[in-house]
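K.L.:
Structure in structure tokens, see below.
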Amino acid sequence: MHRLVCECPPLDVNSLYVYLLLSEHFSQTCIVSEDEHGLRAMVSAYVPPQCPEVLFVWQVAVAQRARGAGLAQRLIRALLTRAELQGIKYIETTVAPSNLASRRMFAGLARSLETHWGEQAHFDASLFGTSGHEAEPLLRIGPFDAHCVSNARCDEY
Ligand SMILES: CC(C)(COP(=O)(O)OP(=O)(O)OC[C@H]1O[C@@H](n2cnc3c(N)ncnc32)[C@H](O)[C@@H]1OP(=O)(O)O)[C@@H](O)C(=O)NCCC(=O)NCCS
């Protein structure tokens, strides 16, 4: 996961230890996809402790060789079919304004879940210090229900 994220700018690369923790403690809310060349995609996510109806999507990475086929959206929908996540009614994430591929992917996800998406200011650019990091507005998709999740195609990923 760490290597894949390194290969997928503009994602922030976290320490190797973070990806070990995700695998160890958050595997119910994370998902990967492999092909004959190895890991081709991953989604890391968690349920915020105070928001049991929200799945917060942290990082989404699809290797260049696997892009353009809607894989990221399929992986998130596959997560939503898990028994442990049947109470989820909203997806939240933060996406920099310039990341058009990510924005379109989340807009498409909202369409496939037959629901709305909205955006509001969240992490201002000043919070990232002098790194030059863009602001990270919050995108919120939902509410959606189990019917829309199961209607969405997520059998192959
Ligand atoms: C964002 C990302 C995960 C999407 O991967 P994917 O599942 O292969 O997505 P697709 O290529 O099927 O494209 C999804 C949508 O974005 C559009 N898109 C793809 N690349 C684009 C680009 N460079 N500029 C603008 N739109 C783009 C597609 O046309 C599609 O739109 P549509 O559904 O309206 O037709 C992938 O591009 C990636 O890993 N990017 C680098 C890391 C990143 O930015 N992650 C997201 C941060 S949370």
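The values are calculated or read from the model by the stated rules, or taken from the named source; none is laboratory data. The shown structure was predicted, so the numbers you read here are calculated from the model rather than taken from an experiment. Every residue, glycine as well, gets a Cβ built from its backbone with ideal geometry; the counts of neighbours run over all protein chains shown.
K.L.:
Quick one: count up the residues across the range 106-137 that are part of a strand (DSSP E or B) and touching a Gly at 6+ places or on another chain (Cβ under 9 Å). Steps first, please.
P.N.:
Step one: list which residues in the range 106-137 are part of a strand (DSSP E or B), which gives 117-123, 136-137.
Retained after the next criterion (residues that are touching a Gly at 6+ places or on another chain (Cβ under 9 Å)): 117.
Residues flagged as part of a strand (DSSP E or B) and touching a Gly at 6+ places or on another chain (Cβ under 9 Å) within the range 106-137 amount to 1.
K.L.:
Within the range 112-127, is there a residue that is in contact with a helix residue (DSSP H, G or I) (Cβ under 9 Å, 6 or more places away or on another chain), surrounded by 15 or more Cβ atoms within 10 Å (Cβ to Cβ) and under 21 Å from LEU4 (Cβ atoms)?
P.N.:
no
K.L.:
Exactly one condition in (1) within 22 Å of CYS6 (Cβ to Cβ); (2) without any contact (Cβ under 8 Å) to a residue 24 or more places away in the chain is false for ALA83; which is it?
P.N.:
All conditions pass for ALA83, except number (1).
K.L.:
If you don't mind, there's one more thing I want to ask. State the number of residues belonging to the range 66-105 that are closer than 17 Å to ARG140 by Cβ, near the ligand (Cβ under 8 Å from one of its atoms) and in a helix (DSSP H, G or I).
P.N.:
Adding up the residues that qualify gives 5.
K.L.:
A further question on this structure: Mind checking whether some residue in the range 149-157 is modelled with pLDDT of 95 or more and more than 30 Å from GLY38 (Cβ to Cβ)?
P.N.:
Within the range 149-157 (the criterion being modelled with pLDDT of 95 or more and more than 30 Å from GLY38 (Cβ to Cβ)), the answer is no, since none of the residues qualifies.
K.L.:
Any residue in the range 1-28 that is within 24 Å of SER98 (Cα to Cα) sitting within a Cβ distance under 8 Å of a residue that is hydroxyl-bearing (Ser, Thr, Tyr) and outside any loop (DSSP other than H, G, I, E, B)? List the pairs, counting only those 6 or more apart or interchain.
P.N.:
From the range 1-28, the pairs are MET1/TYR19; MET1/SER23; MET1/SER44; HIS2/TYR19; VAL5/TYR19.
K.L.:
Can you give me the number of residues within the range 107-147 that are within 10 Å of the ligand (Cβ to nearest atom), under 16 Å from ILE88 (Cα atoms) and under 13 Å from the mean Cα position of the chain (by Cα)?
P.N.:
Total meeting the criteria: 2.
K.L.:
Here's a follow-up. When you look at VAL32, is it crowded, with 17+ Cβ neighbours inside 10 Å and out of contact with any Cys (no Cβ under 6 Å at 6 or more places or on another chain), yes or no?
P.N.:
In short, yes.
K.L.:
Do you know which residues across the range 4-17 are closer than 24 Å to ALA66 by Cα and not in a loop (DSSP other than H, G, I, E, B)?
P.N.:
If the condition is that a residue be closer than 24 Å to ALA66 by Cα and not in a loop (DSSP other than H, G, I, E, B), then LEU4, VAL5, CYS6, LEU16 are the ones that fit.
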